[in-house]
Amino acid sequence: MPIAAEKLVFYPGGSIRSVEWRREVRAPVLARAGNRCEGTPQHPSCRAENGKPHPDTGSIVVLTVAHMDQDVVDHSDKNLRALCQRCHNHWDQVPRTRNAIRTRARKRGVGTLDLFCEEVR
């Protein structure tokens with residue numbers, strides 16, 4: 001999931017591309033994971049290897065570091081996992097959907113009838 005600009009301040013070095021983020025957070029997580037996907041509850045046995053074709057999708061794996069509770073402030077070891085694209089996208093699906101709904105509602109503006117709202121006032 002793209003990181004909102006206002007949340008980048010919570011990352012070491014202010015970016016996931018910074019030397020600090022890579023050294024202090026990303027490198028230890030990937031080392032712990034053995035440079036493989038650590039999986040999620042949806043795909044607990046995924047062990048896709050960084051830089052190799054994914055065993056299920058065939059795409060080249062690029063491991064990312066995921067905040068499992070979606071809290072970008074918490075960089076504790078228990079909250080971070082190395083995930084392949086498939087696992088990270090599946091893990092972030094619900095928060096992405098919620099965010100998309102909020103964004104669309106904000107863009108529509110106040111007072112616009114939402115076809116899918118549960119309650120009309």
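The values are calculated or read from the model by the stated rules, or taken from the named source; none is laboratory data. If you're wondering where the values come from, they're calculated on a predicted model, not measured in any experiment. Cβ placement follows ideal geometry from the backbone for every residue including glycine, while neighbour counts extend to all protein chains displayed.
Residue check: is I60 over 13 Å from the mean Cα position of the chain (by Cα), at pLDDT below 90 and either surrounded by 10 or more Cβ atoms within 10 Å (Cβ to Cβ) or hydroxyl-bearing (S, T, Y) (or both)?
Criteria not met by I60.
If you check V9 against the conditions, is it modelled with pLDDT under 85 and either hydrophobic (A, V, I, L, M, F, W, C) or not in a loop (DSSP other than H, G, I, E, B) (or both)? Reasoning before the result, please.
Working: modelled with pLDDT under 85: yes; either hydrophobic (A, V, I, L, M, F, W, C) or not in a loop (DSSP other than H, G, I, E, B) (or both): yes.
Yes.
Just give me the residues in the stretch 54-77 being among the aliphatic types (A, V, I, L, M) and in contact with a Pro (Cβ under 7 Å, 6 or more places away or on another chain), in sequence order.
Step one: of the stretch 54-77, the residues among the aliphatic types (A, V, I, L, M) are 60-63, 65-66, 68, 72-73.
I60 - this is the single residue of the stretch 54-77 that is among the aliphatic types (A, V, I, L, M) and in contact with a Pro (Cβ under 7 Å, 6 or more places away or on another chain).
What are the pairs with Cβ atoms under 7 angstrom where one residue, in the stretch 38-52, is at negative phi and outside any loop (DSSP other than H, G, I, E, B) and the other, located anywhere, is buried (at least 16 other Cβ atoms within 10 Å of the Cβ) and aliphatic (A, V, I, L, M)? Sequence gap at least six, or different chains.
E49/V61
Being touching a residue at least 12 places away in the same chain (Cβ under 8 Å) and not in a helix (DSSP H, G or I) is the filter; apply it to the stretch 77-110 and report the residue that is surrounded by the most Cβ atoms within 10 Å (Cβ to Cβ).
Only one residue fits best here, namely C84.
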